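Below: one structure, written as structure tokens.
The values are calculated or read from the model by the stated rules, or taken from the named source; none is laboratory data. If you're wondering where the values come from, they're calculated on a predicted model, not measured in any experiment. Here the Cβ is made from the backbone with ideal geometry for all residues, glycine too, and neighbour counts use every protein chain on show. Calculation scope for accessible area: heavy atoms of the full protein, side chains included, ligands and nucleic acids excluded. Shrake-Rupley method; radii C 1.70, N 1.55, O 1.52, S 1.80 Å.
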Amino acid sequence: MNTVVIGAQWGDEGKGKIVDYLAKKADVIVRFAGGANAGHTIVYNNEEYALHLIPSGVIHPEKKVILGAGMVIDPKALFDEISMLESRGVKTKGRLFVSDRAHIVLPGYIKIDKELDAARKTPIGTTGRGIGITYSMKSRRDGIRIADLCWKEKLLELKDEDRVFLEPFIPDLQAMSIDMCSYFAECCAGANVLFEGAQGALLDLDLGTYPFVSSGVSAAAGAALGGMTGPRSIDRILGVFKAYSTRVGNGPFPAEFSAQDAEQDALCKFVRETGREYGVTTGRPRRCGYLDLVALRYACRVNSIDTLVMTHLDVYNTLDSIKACVAYEIEGAKTDNFPAAIPALLKAKPVLRCFEGWNKNISGCKSFNELPEPARNYIAFIEEYCKTKIGIISLGYERNQTIELQS
Ligand code: IMO
Ligand code: MG
């Protein structure tokens, strides 16, 4: 069984926890997109691990993990992360690999990323990790891949400071490098592979709120390319979403809590503190908003999501009522389709539907039937609206705070 897990919103949906949870049934976990712009938090045995590049399945000591071909890898960030894991007893030797087709992020690219974004009239608010520049060097065919590290002429084309930076990492990168095609054929025949996405559907270069997106393929389709498998080898696609919405950086966010509305502003602060909505990579406070069902259904449709995974439902534990966005009003017209045009998204006012809250601590619930009726009603409405089943619900950071609704 080959499973793809993607974010179904603007990133930070709790993919790290869900991948760690699902990893117990996988043999190999492959990250297929993005780079050190991602921030995945995993809590295991009261220990918290913040990962940026290494697949979240790495915490399971017996699993193989691969940084896939669709990734952009900053060697310093990678080896810092490996050192962090090793110092905390997570052994990586012999089970952590890098695709020879993955691209390398160089210090010069990071510098340009920061300068370019600062010079934009409306900055994207990038994470400053050189992601967009590395992907554009790749598209220009001027990038450098792990496989190119043995190519002397190619290395000589690099700027001196980038080459000086890269050289000490070359032996270790080469030692971890694999040809994913033969690795899958020879070492993973019949294995269960879990393809781990980064960012989210609405940050995808093609499907997201362009240009306020990241530059990698965070959509489910990215698992096929960046994971070096054909689309036909993918058996199921899971989309992770939070019971509300967040976004980091600039760009349209139709269901965002309005700072001008006292009730929404209070809700924003409550959600941010209760849900710990601060960036794992940059520490920035995340923008928060109502669950946007228009955007979520769009993500389900364009990624063929079979099963949704809902996280952070416990954040709403103490509320008497909750709201979700079920349509947009754009210049007086109502729509429940997700537009491509940024001006339309910026003008969109959320049409909200009110649900009864449960006002009860559900963090310890062990089954769907244990959830209070208002919580079950909220879940049923989302399934009906998106025409997609919710298969897993997360009620806290720990692995055991997870309910499975269907296998
Ligand atoms: P995970 O995997 C949330 C956002 C940045 C910025 C835009 C472009 O933790 O869900 P980039 O540095 O990628 O060029 O920035 O994308 N962004 C994320 N937001 N979660 C992420 O990853 C993100 N990765 C990038 O904030 O708005
Ligand atoms: Mg994150």
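Values for this structure:
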{"read-out": "Residue-averaged [θ]222 nm for the chain, counting only DSSP H segments that reach four residues, each worth -39500 (n - 2.57)", "value": "-8500 deg cm²/dmol"}
{"read-out": "Radius 13 Å from Cβ of Asp261, net charge of other residues (Lys, Arg +1; Asp, Glu -1)", "value": "0"}
{"read-out": "Residue-normalised accessible area of the chain, given per residue in Å² at a 1.4 Å probe", "value": "42"}
{"read-out": "Convex hull volume per residue in cubic angstrom - Cα atoms of the chain", "value": "135"}
{"read-out": "Centroid-to-centroid separation of region 115-190 and region 290-362 [C-alpha atoms, Å]", "value": "37"}
{"read-out": "Selection from Tyr378, Asn359, Leu313, by position along the positive dipole direction of region 242-404 (Cβ)", "value": "Leu313"}
{"read-out": "Cβ-defined net charge surrounding Thr388, 11 Å radius [Lys, Arg +1; Asp, Glu -1]", "value": "+1"}
{"read-out": "Summed residue charge, Cβ within 11 Å of Met176's Cβ, Lys/Arg positive, Asp/Glu negative", "value": "0"}
{"read-out": "Positive-end residue of Ser83, Gly125, Thr402, charge dipole of the chain with Cβ unit charges", "value": "Gly125"}
{"read-out": "Efficiency of FRET between Ser136 and Thr318 - r from beta-carbon atoms, R0 35 angstrom, step 0.05", "value": "0.15"}
{"read-out": "Of all accessible heavy-atom area on region 242-404, the percent that carbon and sulfur account for (1.4 Å)", "value": "49"}
{"read-out": "Contour excess over end-to-end distance, with Cα ends at Arg120 and Cys187 and 0.36 nm allotted per residue", "value": "19.5 nm"}
{"read-out": "Calculated FRET efficiency for the pair Phe79/Ser258, C-beta based, R₀ 56 Å, to 0.05", "value": "0.80"}
{"read-out": "Within a Gaussian network of the chain (alpha carbon springs, distance under 10 Å), most fluctuating of Ser182, Ser394, Ser245", "value": "Ser182"}
{"read-out": "Extension gain (nm, one decimal) between Glu384 and Arg236, 0.36 nm per residue minus Cα-Cα", "value": "51.3 nm"}
{"read-out": "Region 242-404: mean projected area of Cα convex hull, nm²", "value": "9.8"}
